[in-house]
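Structure, as structure tokens:
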């Protein structure tokens, strides 16, 4: 239960950071134009941006746990082993 409470807190903090970080980044005309252009290009209305953030707001901790249970399974795992070569002869290969 404690980890789920932490997940709820983290999801809430993430959504807040996305929303307010985006808003704070629009501090001049050029920044506003650059931020809105990709969303307006999709549907020719700035309302698209509101829909995106409404979708973000609708995501719950339960949704994230369900996706984690579905996709973060051993069958989908990729293991990578990194090593450091002692001599520089094969660097970049």
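Brief remarks follow.
- Residue satisfying condition, being surrounded by 11 or more Cβ atoms within 10 Å (Cβ to Cβ) and in contact with a helix residue (DSSP H, G or I) (Cβ under 6 Å, 6 or more places away or on another chain), within set 14, 36, 42: 42
- Number of positions in region 20-58 that are in contact (Cβ under 8 Å) with a residue 12 or more places away in the chain and under 27 Å from residue 69 (Cβ atoms): 4
Every read-out reported here was derived from the displayed coordinates using simple, explicitly stated rules and does not represent laboratory data. Since we're looking at a predicted model, the values are computed, not measured. Here Cβ is always computed from backbone atoms with ideal geometry, including for glycine, and neighbour counts include all displayed protein chains.
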